[in-house]
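The values are calculated or read from the model by the stated rules, or taken from the named source; none is laboratory data. Just so it is clear, the model here is predicted, and its values are computed rather than measured. Glycine also receives a Cβ, built like all others from the backbone with ideal geometry; neighbour counts cover every protein chain displayed. Side chains are part of the model used for accessible areas, which takes the heavy atoms of the whole protein and leaves out ligands, DNA and RNA. Shrake-Rupley method; radii C 1.70, N 1.55, O 1.52, S 1.80 Å.
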Amino acid sequence: MVRINSRIAQVTGSTTLAITARANELKAQGVDVVSFAAGEPDFDTPDYIKEAALQAIKNGFTKYTPSSGTEELRAAICDKLKRDNALDYKPAEIVVGCGAKHAIFNAVMVLCDAGDEVLIPAPYWVSYPEMVKVAGATPKYIQTTPASGFRITPVQLQAAITPRTKLLILNSPSNPTGSVYSRAELEAIADICLKNGLYVISDEIYEKLLYTDAPFTSIAALGKGIQALTITVNGMSKAYAMTGWRIGYAAGPSAIMGHMKNLQDHSTSNPCSISQKAALAALRAPEDGIRAMRDEFLVRRNLMMSLVDGIPGVSYIKPDGAFYLFCDFSKFGPCAEVAKRILNEVNVAVIPGDGFGAEGYLRLTFCTSQERIREGVRRIKEWIARSI
Ligand SMILES: *Cc1c(COP(=O)(O)O)cnc(C)c1O
C-alpha cells in the first residue's frame with residue numbers, strides 16, 4: 001500500500017459529489033432532474049468580459065505574467081477595494097490567484113502551522129476545514145443556530161479562543177446559510193480579534209449578492225488595527241458569473257502577502273493570463289450587468305421562500321445574501337438519506353447539510369429559473385406529503 005502524506009490523507013473528498021454523480025446518471029438516462037445543487041450562477045458570463053478575453057488571445061497576451069497577477073489588474077483591484085469597501089491597499093499587497101478558493105488556501109498555508117487552532121463558524125463552507133488540515137493545523141468549530149441567524153456572537157468567539165488560536169475564517173454573506181453580519185456585529189468581532197491578536201480571513205465572495213438595504217461592510221475597513229490582522233478575499237466567480245475563469249484575490253499586510261506570492265511562485269505561478277484580462281474588464285466596467293443578475297436572484301429567493309413556506313415541517317432562516325436557502329429537513333431523517341431519496345424518488349438534486357457541519361439540513365440553490373424553482377419545490381412538497 002502506498003503511504004500517503006499524513007496531512008493529505010485526512011482530507012475528505014467533496015460530499016456534494018455523490019449527489020451530483022447520481023443526478024448526472026439520472027439525466028443521462030433521460031430523467032428530467034431539477035437541480036438545486038449548483039454552487040454557481042446559471043447566467044452566462046457577460047459579453048463585454050468575454051470580448052476582453054478574445055482580445056487578449058488575439059493580441060498574444062498568452063504568456064506568463066508576474067505570479068501574483070499583472071500590475072494593472074492588481075491596481076484595478078486596489079481601486080475596487082477603495083471604491084466598494086473603503087479599503088486602502090497598494091498593488092504590492094494584492095495576490096491574484098486561481099479563484100478565491102486558491103487565495104484562501106494560500107492564506108491558510110502561509111498563516112497556519114502544526115498545533116495552531118483555526119476557528120470556523122458552523123455551518124461552514126466545506127473547503128475551510130480541509131484547507132486547515134492540509135496546513136497541519138486544527139479546525140475548531142463555533143456552532144451557530146437559527147436563533148442567532150447562524151451568526152457567531154462575541155461571547156462565543158471569546159470563549160473559543162485558547163493560547164493556540166491563530167485564525168478566524170469569516171464568510172459573510174455565508175455559503176450555505178446566506179447570513180450576513182451587520183457592521184455593529186463585525187465591530188464586536190474585530191474588537192475581540194484585536195485584543196487576542198487573532199488573524200482573520202474574510203471571505204467576501206458573495207459581497208455583490210446582498211438582498212437588504214444595509215451596505216456591505218468589510219471587517220478590515222473597521223480600523224487600521226484590524227486591517228493589519230485581516231486578509232480580505234474576493235473574486236470574480238459569483239458576482240460576474242465567471243466560475244470557470246478562475247480568478248480570485250487576497251489583500252492583506254505585505255509581510256503575509258509576500259509569502260503568499262512566494263508560495264504561488266513555486267506552485268501555480270500566475271493565474272491564466274487571458275482570464276486576468278477578462279477580470280480587468282469586469283472590474284473596470286459599470287455594474288449594471290451584474291446588478292441585473294443580483295435583482296433576478298432576489299426575485300428567485302423570494303419565490304423560493306414563499307413556495308417552501310407551503311411545505312409543512314420545513315423551516316429556514318431568510319438568507320440576506322448569496323444564493324442558497326438552507327432548510328431544516330431534520331423531521332424527515334438523516335439529511336444524506338433525505339437528499340438521496342428526494343433525488344431518486346422525485347428527481348430533485350439538493351445538497352445535504354452534513355458536509356457543511358449541519359446535520360438535518362438541505363441546501364437548495366436558487367441558481368435556476370423561476371419555472372424550475374416552482375417545479376422543484378412542487379416535487380419536494382409532493383415527496384413530503386407521500387412520506388409522512
Ligand atoms: C464559491 C465560493 C468560493 C470560491 O470561489 P472561486 O470560484 O474559487 O473564486 C469561496 N468561498 C465560498 C464561500 C464560495 O461559496
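A few points about this structure:
- Filtered residues of the range 98-115 (kept if more than 12 Å from the ligand (Cβ to nearest atom), open to solvent by 10 Å² or more (accessible area, probe 1.4 Å) and either closer than 15 Å to residue 261 by Cβ or touching a helix residue (DSSP H, G or I) at 6+ places or on another chain (Cβ under 6 Å) (or both)): 109, 110, 111
- Of residues in the range 116-148 being among the aliphatic types (A, V, I, L, M) and within 15 Å of residue 199 (Cα to Cα), the one nearest to the ligand (Cβ to nearest atom): 120
- Hey, residue 129 touching a strand residue (DSSP E or B) at 6+ places or on another chain (Cβ under 8 Å), part of a loop (DSSP other than H, G, I, E, B) and in the same structural domain as residue 270 (by TED's automatic domain parsing) or not: no
- Any hit, the range 211-219, residues being in a loop (DSSP other than H, G, I, E, B), surrounded by fewer than 23 Cβ atoms within 10 Å (Cβ to Cβ), charged (D, E, K, R) and without any contact (Cβ under 8 Å) to a residue 60 or more places away in the chain: yes
- Enumeration of residues in the range 220-247 that are over 19 Å from residue 95 (Cβ atoms), away from the ligand (no atom under 16 Å from the Cβ) and part of a loop (DSSP other than H, G, I, E, B): 223
- Count - residues of the range 23-39 that are surrounded by 10 or more Cβ atoms within 10 Å (Cβ to Cβ) and either of a type in the set (S, T, N, Q) or modelled with pLDDT under 90 (or both): 4
- Flag if residue 234 is open to solvent by 40 Å² or more (accessible area, probe 1.4 Å), closer than 30 Å to residue 317 by Cα and at pLDDT 95 or above: no
- Test: residue in the range 316-331 that is assigned by TED's automatic domain parsing to the domain that holds residue 25, of a type in the set (Gly, Ala, Ser) and in a helix (DSSP H, G or I): yes
- When restricted to residues that are in a loop (DSSP other than H, G, I, E, B) and under 26 Å from residue 232 (Cβ atoms), the range 40-63 contains 5.
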